[in-house]
1. Check whether at least one residue in region 100-108 is within 22 Å of VAL40 (Cβ to Cβ) and under 14 Å from the mean Cα position of the chain (by Cα), and report yes or no.
2. If we scan region 72-80, do we find a residue that is farther than 22 Å from GLN129 by Cβ, of a type in the set (S, T, N, Q) and touching a residue at least 40 places away in the same chain (Cβ under 8 Å)?
3. Here is a check on your reading of the model: is LEU116 under 14 Å from the mean Cα position of the chain (by Cα) and modelled with pLDDT of 95 or more?
4. Determine which single condition PHE78 fails, assuming it passes every other condition in (1) surrounded by 14 or more Cβ atoms within 10 Å (Cβ to Cβ); (2) part of a helix (DSSP H, G or I).
5. Applying the selection to region 81-120, what residues are of a type in the set (Asp, Glu) and touching a residue at least 40 places away in the same chain (Cβ under 8 Å)?
6. Go through region 54-67 residue by residue and tally those that are in contact with a helix residue (DSSP H, G or I) (Cβ under 8 Å, 6 or more places away or on another chain), under 18 Å from GLU109 (Cα atoms) and not charged (D, E, K, R).
7. Can you name the residue in region 28-80 that is of a type in the set (A, V, I, L, M, F, W, C) and closer than 18 Å to THR13 by Cβ and is also nearest to the chain's Cα centre (by Cα) among such residues?
8. For residues in region 23-42 being out of contact with any strand residue (DSSP E or B) (no Cβ under 9 Å at 6 or more places or on another chain), surrounded by 18 or more Cβ atoms within 10 Å (Cβ to Cβ) and under 20 Å from LEU131 (Cα atoms), which is modelled with the lowest pLDDT?
Amino acid sequence: MASAGAPTPLSHTDNGRRIFLHGTTSAGRVVENSHGMAGVGCAMCHGPDGRGGMMHGIPSPDITYSALTDSKGHEHEFMNRRHPPFNRETIKAAIVAGIDPAGNPLHEEMPRWTGLSPADLEDLIDYLQVLSQGKRHPMPGPERM
C-alpha cells in the first residue's frame, strides 16, 4: 500500500507506454539512444499507434507486436531484405542492438536504445502487445496535456 503523498506506482504497461511515446520511464528517467535524442520515443517514427509511416523519406514499419511476430516474417523492399518473424528476444535485440531476427543490421535511422533496463524492455514489449489490440489508454497525470 502506498503511503500518503507517495506516487502511486504505474503498471508495467503504463511504463511501456511512456517509453514508447516519450522515451522516458515511469520513474522519469530519459532513455538513452544512439542518436542522442532526448525525450522522444518509438512513436516519433512509428506513430502513436505503432503502425509506422515515413520518417526522413524512409519507410518506418509497423511495430505492433502482432505485426512483428507475423508468422510470414517481413520483407523490406527498400533494403532488398527479408527476415523471419520476431519473438520477444529478437524484439529486444532489435531495440538495443539494432539487428533483425536474421542477424542483419537494421537501417541506420533506427536508434539503438541503450538506456533500457531488462524490466523496461519487457514493459515496452508488453505495450506493443496492447497496441496490437487497438486499445488506447489515457496517460495518467500531467502527460495528458
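1. no
2. no
3. Taking the combined requirement at face value, the residue does not satisfy it.
4. (1)
5. Listed by number, the residues that qualify are GLU109, ASP120.
6. 6
7. The extreme case among them is CYS42.
8. The qualifying residue modelled with the lowest pLDDT is SER26.
The values are calculated or read from the model by the stated rules, or taken from the named source; none is laboratory data. Just so you know, these numbers come straight off a predicted model, no measurement behind them. Cβ: placed from backbone, ideal geometry, glycine included. Neighbour counts: every protein chain shown.
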